[in-house]
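Q: Sharing a structure here in structure tokens format.
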Amino acid sequence: MQTALLEALRAAVSVSDGLKDAFTLFCATARPDRGVLMSSGPLIVPEAPRSQLHLLKAWPPLPEGSDPDPHGFNLISTNLSIRAITPVRHQGDIGIIVYFPRRYPARDAESARRVLVTLVQTAAAMIEVDHRYRVLLRSLPYDPLTHLPIWSLFKERVERRLARLDRETLPATLMLVCFSGLLDVRDDAEVEADDAITQITHVRDAIAFLQRAIRPTDIIGQVDRESYTLWLDGGDRFASVERAEQICRRRYLCSAGANPRVSVKIGLVTREPGSSDTLDSFFERARLALSIARERNADWHFAHENA
């Protein structure tokens, strides 16, 4: 049984689903009078404001609209209680409590307890690993899906070039490109797996389209899944505007841009050589220019350096 439970735990998409499947499998096999799977923090969506026990799954399944009794106080005095509760580091506890008749054999009860302890401890370890993995993903300087640098890494790469641009008296242009409507985010329904794959394909196709529109030596970064920053070394006001025009006119070349519900808007700002303004200020100007382009329903808007 232990092997089957661990396989069910690992086979699911998430630890929460796997633990629920394993709990249901145990109850279906051991046939306790009642069982509850609980958590005081981990696997609770949305997270509870304070630590308290929440019912994740019950056996037998509770009818809709019933008021669950997660502690099972009405069974403690008349049934044999088997508990397996373990802490998850920095998150709270998860646990399983099952109730068998008093005549349940002691050897079988001890075996069931060992199986449940192993199950919840394995689940706790998986939750901790998943939590650390998510923390690492959030701390990455690039997006793990698109592999594009986020603003911090994009800014670091651009700032390395500023001294050379000043020395060679070359301008540079920051472009903020937004594909509005690229992602179909619906609040009233979950996105199906096929729809999610299609949207990811559109995102990657839009990125490939932008990469073809700039030189290999230019830098592309990501603000979010619909907005991207482009840094064009040597791009003056006229060259950058021409590049923006080409991107807007040829957007049909990518699957996302060919969608009539997707609009491409661009905000531009040029840095002249010797400028003492920070890259953050140029980004704010580009974002303001993008807002103006949206308000005027224009493809692009240029923010002058002295704006």
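The values are calculated or read from the model by the stated rules, or taken from the named source; none is laboratory data. Since the structure is predicted, the reported quantities are computational estimates derived from the model, not experimental observations. Here Cβ is always computed from backbone atoms with ideal geometry, including for glycine, and neighbour counts include all displayed protein chains. Only protein heavy atoms, including side chains, enter the accessible area calculation; ligands, DNA and RNA are left aside. Shrake-Rupley method; radii C 1.70, N 1.55, O 1.52, S 1.80 Å.
Q: How do PHE23, PHE283 stack up against each other in accessible area, from largest to smallest, with a 1.4 angstrom probe? Walk me through the intermediate numbers first.
A: Values: PHE23 0, PHE283 25 Å².
Sorted descending by solvent-accessible area, the residues read PHE283, PHE23.
Q: Under a 1.4 Å probe, what is the accessible area of segment 151-302 per residue, stated in Å²? Write out the running numbers ahead of the final one.
A: Numbers: 7990 Å² over 152 residues.
Accessible area per residue, segment 151-302: 53 Å².
Q: From the phi of every residue in segment 14-22, what ³J(HN,Hα) in whole Hz does the Karplus formula 6.51 cos²θ - 1.76 cosθ + 1.60 yield, where θ is phi - 60° and glycine or proline is x?
A: Rounded to whole hertz, the list is 10, 5, 4, 5, x, 5, 5, 5, 5.
Q: With a ≥ b ≥ c the root eigenvalues of the C-alpha gyration tensor of segment 129-183, is it rounded (a/c under 1.5), prolate (a/b larger than b/c) or oblate? Let's see the in-between values first.
A: Details: a/c = 5.19, a/b = 1.73, b/c = 3.01.
Since a/c reaches 1.5 but b/c is at least a/b, the shape of segment 129-183 is classed as oblate.
Q: For segment 84-145, with the dipole built from +1 on Lys and Arg beta-carbon atoms and -1 on Asp and Glu ones, taken about the Cα centre, which of VAL135, HIS90, TYR104 lies farthest toward the positive end?
A: TYR104
Q: Using only the Cα atoms of segment 151-302, build the gyration tensor, take square roots of its eigenvalues as a ≥ b ≥ c, and label the shape rounded, prolate or oblate: rounded if a/c is under 1.5, else prolate if a/b is larger than b/c, else oblate.
A: Working: a/c = 2.02, a/b = 1.86, b/c = 1.09.
It comes out prolate by the Cα gyration axes.
Q: While we're looking at this one, here's another question. Might you work out the accessible area of LYS265 for me, using a 1.4 Å probe with all protein chains in place, and round it to the nearest 10 Å²?
A: For LYS265, the solvent-accessible surface is approximately 20 Å².
Q: Another one. Could you tell me the accessible area of MET126 in Å² (1.4 Å probe, neighbours in place), rounded to the nearest ten?
A: 60 Å²
Q: Another question about this same structure. What list of ³J(HN,Hα) couplings, whole Hz, do you get for segment 122-127 from phi and the Karplus terms 6.51, -1.76, 1.60, once you set θ to phi - 60° and write x for glycine and proline?
A: Each residue's phi maps through the Karplus curve to give 5, 5, 4, 5, 5, 5 Hz.
Q: Summing +1 for each Lys or Arg and -1 for each Asp or Glu, what net charge is found among the other residues whose Cβ lies under 14 Å from the Cβ of GLY95?
A: +3
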